1. Under 21 Å between alpha carbons: how many lysine pairs meet that in the range 5-172, if sequence neighbours fewer than 8 apart on the same chain are excluded?
2. Just add up the charged neighbours of Phe73: K/R +1, D/E -1, any other residue whose Cβ is under 15 Å from the Cβ of Phe73.
3. Taking every pair of Cα atoms in the range 74-113, average 1/r, invert it to obtain the Kirkwood radius, and report Rg/Rh to two decimals.
4. Report the charge-dipole magnitude of the range 5-172 in Debye, nearest 20, computed about the Cα centre from +1 at each Lys and Arg Cβ and -1 at each Asp and Glu Cβ.
5. Pairing the Cα long axis of helix 82-96 with the longest principal axis of the chain, what angle in degrees results, from 0 to 90 and rounded to the nearest 10?
6. Which one, Ser102, Val167, Ala83, projects farthest toward the positive side of the charge dipole computed for the chain from Cβ point charges (K/R +1, D/E -1)?
7. Could you grab the relative contact order for the chain? Cα pairs under 8 Å, six or more apart, rounded to a whole percent.
8. Please report, to two decimal places, log10 I(q)/I(0) for the range 47-110 at q = 0.12, 0.14, 0.21, 0.23 Å⁻¹ as given by the Debye formula with identical point scatterers on the Cα atoms and no solvent.
Amino acid sequence: MRAQKEVMMWTAQGAPDKDLEETQKWAAQRLPPHDETNLYYVISLIETGEVIGAGGTYRRECELGWPAIGYAFRKEAWGKGYATEFLVAFMKIWWELPRVESSIAVDRATLSEDEIVASVNGTITERCAAETIKENVGSKRVLEKAGYTWVKEWRNEEKNWSIYGWVTTAEQLPAN
């Protein structure tokens, strides 16, 4: 997957891993002992055990201020519903994790007007975020099917990309 140009062009890295060592470094950031702050899965087919992707959360704060999810699938797995199936299942697990009240700075675009007013002295509904490159239509469809809402667009001038920011809440999780 991380050697496939078609897959990696949609990632923050923007290009395939140069070698096995680079892939191992990427994986090591998501495996024990880092799993205390990350929730990341290898995604495989039940029938064969073939690995078709990986996904989860490894950034506690993205551009929008919320924890961010990410996923990638081998090109051969695209268009078969696996990404949506994974993301909906992952979000069910995510929302069931224990919570601790905390204060974070989030982008106003992720909140309703009522929440902006209430946030001065109150609490707001927790969200989970995702970021996609504007042209990644496949990921846009996956996020929409999984209950995410597009909230903001910004530029990454270094890579010359337009980025879409998405958020969801536990209440937006689609039913089976």
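Nothing in this text is a laboratory measurement; each read-out follows from the coordinates by a stated rule. Here the structure is a predicted model, which is why all the values come from computation and not from measurement. No Cβ is skipped: glycine too gets one built from the backbone with ideal geometry, and neighbour counts run over all protein chains shown.
1. Close lysine pairs found across the range 5-172: 22.
2. +4
3. 1.16
4. With only Lys, Arg, Asp and Glu charged at Cβ, the dipole is about 320 debye.
5. It is inclined by approximately 40 degrees.
6. Most positive-ward Cα: Ala83.
7. 17 percent
8. Debye curve over Cα of the range 47-110, log10 I(q)/I(0) at q = 0.12, 0.14, 0.21, 0.23 Å⁻¹: -0.42, -0.55, -0.97, -1.07.
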